[in-house]
Every structure is written in structure tokens, then in C-alpha cells.
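Student: Could you have a look at this structure, given as C-alpha cells, before my questions?
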Amino acid sequence: MSRILRHFTIVGDDHRPEWKKEEDEVVIHHQEKEHRKPPVPVSRSFRDVLKWLYSRHRFQIAIVCLVVIDALFVLCEILLDLEIIKPDTHHIAPQVFHYLSLSVLTFFVVEIFGKLYAYRLEFFHHKFEILDAVVVLISFIIDIIYIAQENLFQAVGLLILLRLWRVARIINGIIVSIKTTAEEKITKLRAANHALSETVEQLQQQCKQKEDEIDRLQKLLQQHQVFPAR
């Protein structure tokens, strides 16, 4: 499973081969030391602001919340389609849930186009993002067609298939959000590991300097016969 999932990445992940990562690890370490990530991009260009926004943990939490809300809307639509919950006489409730779900889906479409603008060609290096974009765009198009030509979806089975497609988008959205959060934690752990490694290296150098100084002083004392050599 891990061999399959490693090919599915999201924007912000490092899609380079392992040998390239190891080659650039030292350079990246020094760059992290010299250039700390500011809370807001220094250049403040719109593309940089979007990248900063998509990398924020709170934004990912908001996406997960919207995905859960969308799941509830889709569940209500399925229950109404199967008539497990009896709709009202004028069928207003199904339309309300459908438009609410479509509004959430519209936000996801805007998010995808924002990522395309912010990351450009890098977006297409990540299979998770491509899969998410395909599912969202197809779901959005089907929902628009459903609103314009509702008679095409009169069959309950076709409606359920539409809802299940939306469920696939919801599951994929949760996977993307969880993966983004996990990658953020891994990045923080790597940064902490680099800092600790640097501290250990500095302490080792200090110990070596102290040992050299002790040896020098011992030799100096022996030369002046302050105490006999061992």
C-alpha cells in the first residue's frame, strides 16, 4: 500500500527522487537556517499569498469541516432520494440540500483554480491533487446539469450514482486533508531534527576544543615542571 500511496502527492510535497533529496539536504538545512519562514510572504504577491494560505494548518481544518458538512448534505440527499426520509409535498427540502451542497462544491472548485494559479505546473506533479480536481470538476458539472435538466435524473438509481460519485469526492478530500496535515507534521519534525543535529554538532566541536585546550595546558605545565608527566 505504501508503494502505491507514495506516488500520490499533493502540492507542497517533494516529488523529487530520493537521491536528489539527499543531495540537497545540506543546502536546504542552511537555507532554513538563514531564511526563516515568515508568517506572511515578504513579497506579498497574490501567488505567494495563495501558497501561504494553502499551507496553513487552519485552512486545512476548514477544508475538512467543509468536507464533513458536504458529506452530511449528500447523506440527506440520498435519504430523500430513497424516501427513507419522506420529502415534503413540494419537494423543497431536496432542492435546499442540493443547493447547499452545490455551494460547498463551488468553494472547492475555486480552491482548485486557486491552486492551479499558485502552483502552476507543480500542481500536475501530484496525483492526489489531479484526482481531487477531476472528481470535483466532474461533480460540479453533473450538479449544474442536474439543475438545468432535472428530468435527465428522474431514475432513482442514476441519482444514487450521482450521490455516490460525490461520496468519492468527499473521501478523496478527507485523504488529501489528512495527508497535508501529516506532511506538515513531518516537516516540523524534520526541522526539529535538523536543529537538534546542529546543536549536537556544536557541542561536539566545543568538547573537542576543550580537550585540545586541556592537552595544550597539560603540555605547558609539563614543560615548566609544575607536575611530573604521567
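The values are calculated or read from the model by the stated rules, or taken from the named source; none is laboratory data. Nothing here was measured: the structure is a model prediction, and the numbers come from that model. Cβ placement follows ideal geometry from the backbone for every residue including glycine, while neighbour counts extend to all protein chains displayed.
Student: Does Phe97 satisfy the condition of being surrounded by 15 or more Cβ atoms within 10 Å (Cβ to Cβ) and either outside any helix (DSSP H, G or I) or touching a Cys at 6+ places or on another chain (Cβ under 9 Å) (or both)?
Tutor: yes
Student: Does region 64-116 hold any residues that are polar (S, T, N, Q) and within 30 Å of Leu50 (Cα to Cα), and which are they? Full working, then the answer.
Tutor: Restricting attention to region 64-116, the residues satisfying the condition of being polar (S, T, N, Q) are 89, 95, 101, 103, 106.
Hits for region 64-116 are Ser101, Ser103, Thr106.
Student: In region 84-139, how many are hydroxyl-bearing (Ser, Thr, Tyr), farther than 21 Å from Val64 by Cβ and within 17 Å of the chain's Cα centre (by Cα)?
Tutor: Looking only at that region, the number is 1.
Student: Please go through (1) modelled with pLDDT of 80 or more; (2) under 21 Å from Lys179 (Cα atoms); (3) surrounded by 15 or more Cβ atoms within 10 Å (Cβ to Cβ) for Leu121 and return the number of the only condition it doesn't satisfy.
Tutor: (3)
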